[in-house]
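Here, each number is a calculation from the coordinates, and none is a lab measurement. All of these numbers come straight from a predicted model, not from anything done at the bench. Because the Cβ atoms are built from the backbone with ideal geometry, glycine has one as well, and the counts that use them run over all protein chains shown.
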Amino acid sequence: MKTNDQITIRQLSDTDSLEDLTELLHRAYKILADMGLKYVATYQSIEITRKRLKNGTCFVAELDGQIAGTVLYRKPGQPKGCAFYERPDVAHVSQMGVEPDLQRRGIGAKLMRHAEESAVRDGASELALDTSEQATHLIKWYERMGFRFVGHIDWEITNYRSVIMSKMLQPAFPS
Ligand SMILES: CC(C)(COP(=O)(O)OP(=O)(O)OC[C@H]1O[C@@H](n2cnc3c(N)ncnc32)[C@H](O)[C@@H]1OP(=O)(O)O)[C@@H](O)C(=O)NCCC(=O)NCCS
C-alpha cells in the first residue's frame with residue numbers, strides 16, 4: 001500500500017482536466033448519493049465545477065501522477081453565503097473527495113492539514129465546513145480532526161439540513 005508520504009498536495013493547474021476532477025467527485029460522493037443525500041458534488045456538471053472553483057483555491061492530492069483527492073479552500077473574505085462563514089477570521093473548505101479505492105490512507109487528513117496551514121497563513125483563526133446532519137460518519141471524522149458543531153444551515157439546493165462545523169486554528173507563531 002502506498003503511504004502518506006508518497007502523496008503530494010498541490011494547487012490545481014490549468015493543465016488539469018476539470019472533467020476528470022468532476023468525475024472523481026462523482027465517484028467519491030457516490031456513497032452519499034446512495035444514502036439519498038443530494039450533495040452538489042454527487043451530480044455537478046463540469047460547468048458547475050468551474051464555477052465553484054472560481055470562488056476559492058482548489059487543492060489536489062497527487063499520487064503516481066494521478067489526482068487522488070481534492071478540496072476547495074476559501075480564505076477569509078471570499079464569498080461563502082452564510083453568516084458564520086462571512087466572519088472575517090473564518091476560512092472554509094468544501095468539495096472534499098478522495099478516490100474511493102484510495103480512501104482510509106490519510107489522503108483526506110493530509111488535504112485538510114494543507115487547508116488548515118493555508119488558513120493560518122491567511123490569518124484565519126477558524127476553518128469551517130458543513131455537511132449533512134445525516135452523514136454521522138463524516139461528522140465523527142471531522143470531530144476527530146478537531147472540528148466542533150457551531151450551527152445549522154439549510155442550503156436550498158440540497159435535500160437535507162447541514163451542520164456547520166469549525167476548528168480553532170493555532171497561529172503559526174504564538175505571541
Ligand atoms: C471523507 C473523505 C474525504 C475522507 O478521506 P480519506 O482519505 O478516506 O480520509 P483519511 O484516510 O485521512 O481518514 C479516514 C479514516 O482512515 C483512517 N486512516 C488514515 N490513514 C490510514 C491508513 N494508512 N490505514 C488505514 N486507515 C487509515 C483514518 O484514521 C480515518 O479513520 P477514522 O474514520 O476511524 O478516523 C473520503 O472518505 C471521501 O471522499 N468520502 C466521500 C465524499 C465525502 O464524504 N466528502 C465530504 C463531504 S462533507
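Some notes on this structure:
- For the cross-link pairs LYS51/LYS167; LYS110/LYS140; LYS30/LYS75, the ones whose C-alpha atoms lie over 24 Å apart are LYS51/LYS167; LYS30/LYS75.
- FRET efficiency estimate (nearest 0.05) - Cβ-Cβ, MET168 to ASP101, R0 35 angstrom: 0.55
- Positive-end residue of THR42, GLN170, THR15, charge dipole of the chain with Cβ unit charges: GLN170
- Over the chain: Rg over Rh, Cα atoms, Kirkwood Rh: 0.93
- Charge dipole of the chain (Cα centre as origin; +1 on each Lys and Arg Cβ, -1 on each Asp and Glu Cβ, all else neutral): 340 debye, rounded to the nearest 20.
- Potential lengthening of the chain between ASP20 and TRP141 amounts to 40.9 nm, from the contour at 0.36 nm per residue minus the alpha-carbon distance.
- Once the C-beta distance of ARG27 and ARG161 is scaled by a Förster radius of 30 Å, the resulting FRET efficiency is 0.75 to the nearest 0.05.
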